[in-house]
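Below is one structure, written out as structure tokens; the observations come after it.
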Amino acid sequence: MRARIRFIAPLVLALAVTTACGESGSSGTGGGEETDAAASGAACAPVEGEQLVVLEDDQGLQNADNIIPAVHAATAEAQPALLPALNAVSAALTTEELIGLNAAVDLERQSAEDVAAAWVEENGVTEGLEQGSGPIVVGAADFSENVILANIYAGVLNAAGFTATVTEAGSRNLYLEALKAGQQIQVVPEYLATVTEFIEADDANPVASGDVDETLAALEPLATAAGLAFGEPSEAADQNAFAVTQAFADELGVATLSELAEACGDGSLVLGGPPECPTRPFCQLGLEEAYGMEFESFRELDAGGPLTKAAIQQGEVSIGLVFSSDAALAQN
């Protein structure tokens, strides 16, 4: 199970947290007393369906938690072929592919090692790599997505002439210290906004945002001071997102959160998420302020977990907080 809290920020690996959502009823709608919106005939009442789809966060409400390689700076300097090999992964990896990789492991029960090896072989990321040498240990957090990513990194590094292995790295506060020392691990798959905020360590003055370039610019001096180096961020991201059923999206003709807000001005949406959601800027409060959404009610569930996903699929909530690379988003 993930130890990341994102938004709650990423990863069980350390995972720092960005916030999740408020207590039942704090939205002023009575919390656990939600009515059956589907029976009310409201325009944006929940619509059940197995296939989930994430609506595009077109206003950049969520922080940019794109996958990015983190490296011990001295090792990167001594091994000039290291970062280019990892950047080859970033250039090829998309969120859609990350969802598929997670589905192969979490739903189909394939091994992370096999899934990673197949992705490396199929995506041409080992072609034309600069060659290095010597042992490299890639740290992995103890949840499947990060283990997959660590094995992808190791596979590409092996193709670049290194002798790469993967080891469990623990939580972020532990593995970043190990990465700074560079003795036990030299590489870790990271999440851009979360690691930026973790290193900056000032909750009162956030420096990460929904803009990848701005967040990367904020990270670079922090990384230098910490003895770390970061590669290029991938398009693939594992961040807070809001999902509906495909049937709901098709019925309304919406693909973005802005389109949802426009279509659902009658206030008939039912939102599901973690208890803190109604008061958090990345959840209900943010949806209201950034998108002007109005909600009929809020249902207290979990942060991107099975309760929220099941409630969306079963037509108990119109929209719910998930993670953008969740295996449940794989197209059937």
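Name the residues in the range 183-204 that are outside any strand (DSSP E or B) and buried (at least 19 other Cβ atoms within 10 Å of the Cβ), would you? The answer is Ile185, Gln186, Leu192, Ala193, Thr194, Val195, Thr196, Glu197, Phe198, Ile199.
Could we say that Val54 is crowded, with 20+ Cβ neighbours inside 10 Å and part of a strand (DSSP E or B) here? So Val54 fits the description; yes.
Cβ separations smaller than 9 Å between residues 6+ apart or across chains give the following pairs from the range 205-227 residues that are in the same structural domain as Ala178 (by TED's automatic domain parsing) and over 22 Å from Gln186 (Cα atoms) to residues that are loosely packed, with under 13 Cβ neighbours inside 10 Å and not aliphatic (A, V, I, L, M): Ser209/Gly60; Gly210/Gly60; Asp211/Gly60. Please verify whether Ala290 is within 23 Å of the chain's Cα centre (by Cα), in contact (Cβ under 8 Å) with a residue 60 or more places away in the chain and either at negative phi or part of a helix (DSSP H, G or I) (or both), treating the condition exactly as stated. Here the answer is yes, as Ala290 does meet what is asked. Does Gly41 satisfy the criteria of being in contact with a strand residue (DSSP E or B) (Cβ under 9 Å, 6 or more places away or on another chain), surrounded by fewer than 18 Cβ atoms within 10 Å (Cβ to Cβ) and at pLDDT below 95? So Gly41 does not fit the description; no.
Using the structure shown, decide if Thr94 is surrounded by 16 or more Cβ atoms within 10 Å (Cβ to Cβ) and either closer than 30 Å to Gly253 by Cα or over 16 Å from the mean Cα position of the chain (by Cα) (or both). It is false that Thr94 is surrounded by 16 or more Cβ atoms within 10 Å (Cβ to Cβ) and either closer than 30 Å to Gly253 by Cα or over 16 Å from the mean Cα position of the chain (by Cα) (or both). Consider the range 219-264. How many of its residues are surrounded by fewer than 16 Cβ atoms within 10 Å (Cβ to Cβ), over 23 Å from the mean Cα position of the chain (by Cα) and part of a loop (DSSP other than H, G, I, E, B)? Going through the range 219-264 one residue at a time, the tally reaches 2.
For residues in the range 142-167 being polar (S, T, N, Q) and assigned to a helix (DSSP H, G or I), which is farthest from the chain's Cα centre (by Cα)? The selected residue is Asn158. Quick check: anything in the range 110-122 free of Cβ contacts under 8 Å to residues at least 60 places away in the same chain, under 24 Å from Ala226 (Cβ atoms) and surrounded by fewer than 23 Cβ atoms within 10 Å (Cβ to Cβ)? For the range 110-122, residues free of Cβ contacts under 8 Å to residues at least 60 places away in the same chain, under 24 Å from Ala226 (Cβ atoms) and surrounded by fewer than 23 Cβ atoms within 10 Å (Cβ to Cβ): absent.
Take the conditions (1) modelled with pLDDT of 95 or more; (2) at negative phi; Ala303 misses just one of them, which is (1).
The values are calculated or read from the model by the stated rules, or taken from the named source; none is laboratory data. Just so you know, these numbers come straight off a predicted model, no measurement behind them. Note that we place each Cβ from the backbone using ideal geometry, even for glycine, and neighbour counts take in every protein chain shown.
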